[in-house]
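The values are calculated or read from the model by the stated rules, or taken from the named source; none is laboratory data. It should be emphasised that the depicted structure is a prediction, and the values quoted were computed from it without experimental measurement. Virtual Cβ from ideal backbone geometry, glycine too; neighbours counted across all protein chains shown.
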């Protein structure tokens with residue numbers, strides 16, 4: 001009987017040791033084209049879980065992030081189901097715009113593993129569609145943006161004219177447009193008359209021209225309200241130079257309805273993010289007009305230092321050396337964006353918090369060995 005109790009104690013100790021030492025995440029690859037149905041379907045949820053994924057929000061019932069019933073007047077209590085088919089995972093296809101936004105995330109957490117993660121996304125209209133790829137909890141907050149506001153997250157999302165990324169690094173803050181973005185895709189007003197820089201020459205551009213009509217830049221006081229907004233200066237020649245006037249309206253009228261670099265056409269991108277868990281640095285990049293094959297980085301963010309998300313304090317991935325916040329890899333968006341071909345390649349073992357900790361296991365083995373010897377002596 002003593003021997004059985006002793007063995008039970010050893011088993012419990014070893015279980016604890018193993019539980020505290022095994023924290024490493026696994027590589028994962030999935031085309032996202034093998035699922036059917038939507039996230040309201042229990043069978044679809046089970047298939048996703050088997051493949052290593054979970055949903056951050058399943059509606060109805062409509063719940064807040066903390067599980068309490070949501071206010072019926074809240075924009076984000078509408079149907080945010082994710083639908084699946086041969087083309088991949090579609091987000092915001094049932095309810096358009098922000099109310100239909102949702103995210104799919106991995107079950108594993110990855111903040112303590114160096115990795116390279118990639119996913120392909122097709123957007124119907126980049127000027128309005130949103131597509132996010134990041135690491136954090138992937139839980140929707142205000143405006144359907146994942147995490148933020150004291151929750152550690154880092155993500156990349158392509159937008160018209162910019163590569164926006166959000167990093168909890170204590171320096172860059174939210175929605176950072178990397179200075180490394182030098183391609184024509186990142187420049188503003190690529191189509192003449194696109195004064196609103198939203199990807200098309202439309203009524204919003206006209207509204208800006210009308211609001212700033214009469215503004216001029218005299219080159220004397222750049223802070224004068226009459227001179228500070230020259231956004232609608234589409235014609236900067238002759239009498240229209242440095243002045244918002246009828247010539248700028250004519251530019252808008254002549255180009256009305258035109259697209260900016262295909263911003264209102266279906267476009268496919270390959271998104272990538274890389275984490276070096278040893279240095280705690282993260283980099284995001286985008287392969288523009290992706291048509292398959294090896295990834296080619298057309299735009300890359302600066303390297304974000306995420307140390308502030310690891311070194312204790314509330315809202316970090318780790319506190320006092322122990323993982324406390326999810327660091328899932330998530331992706332999602334709205335307005336019918338379609339994701340497919342996700343790959344996460346883990347390079348090397350986990351480091352830092354959550355890494356393998358051999359000492360408890362060794363101590364447990366020694367304790368069990370000594371205890372076994374003593375128990376054996378007592379039985380004699």
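Side notes on the structure shown:
- Residue count for the stretch 113-144, restricted to those that are at pLDDT 90 or above and part of a loop (DSSP other than H, G, I, E, B): 2.
- Test: residue in the stretch 70-81 that is touching a strand residue (DSSP E or B) at 6+ places or on another chain (Cβ under 6 Å), in the same structural domain as residue 138 (by TED's automatic domain parsing) and either under 30 Å from residue 275 (Cα atoms) or at pLDDT below 50 (or both): yes
- Near pairs, Cβ below 9 angstrom, 6+ apart or cross-chain, from the stretch 46-65 (not assigned by TED's automatic domain parsing to the domain that holds residue 81) to any residue that is modelled with pLDDT of 60 or more: none
- Conditions (1) at pLDDT 70 or above; (2) surrounded by fewer than 23 Cβ atoms within 10 Å (Cβ to Cβ): number failed by residue 147: (2)
- Residue check for residue 110: in a strand (DSSP E or B) and within 21 Å of residue 153 (Cβ to Cβ): no
- Residue within the stretch 294-315 that is modelled with pLDDT of 85 or more, closer than 30 Å to residue 36 by Cβ, in a loop (DSSP other than H, G, I, E, B) and under 15 Å from the mean Cα position of the chain (by Cα) present: no
- Here residue 260 qualifies as over 30 Å from residue 110 (Cα atoms), buried (at least 17 other Cβ atoms within 10 Å of the Cβ) and at pLDDT below 90.
- Residue that is farthest from the chain's Cα centre (by Cα), among those in the stretch 274-293 that are surrounded by 22 or more Cβ atoms within 10 Å (Cβ to Cβ) and closer than 22 Å to residue 335 by Cβ: 286
- If you go through the stretch 318-338 and keep only what is modelled with pLDDT under 85 and in a loop (DSSP other than H, G, I, E, B), you end up with 320, 321, 324, 325.
- Of all positions in the stretch 234-247, at least one carries a residue that is modelled with pLDDT of 80 or more and under 30 Å from residue 123 (Cα atoms).
- Only a single item in (1) touching a strand residue (DSSP E or B) at 6+ places or on another chain (Cβ under 7 Å); (2) within 30 Å of residue 335 (Cα to Cα) is not met by residue 310, and it is number (2).
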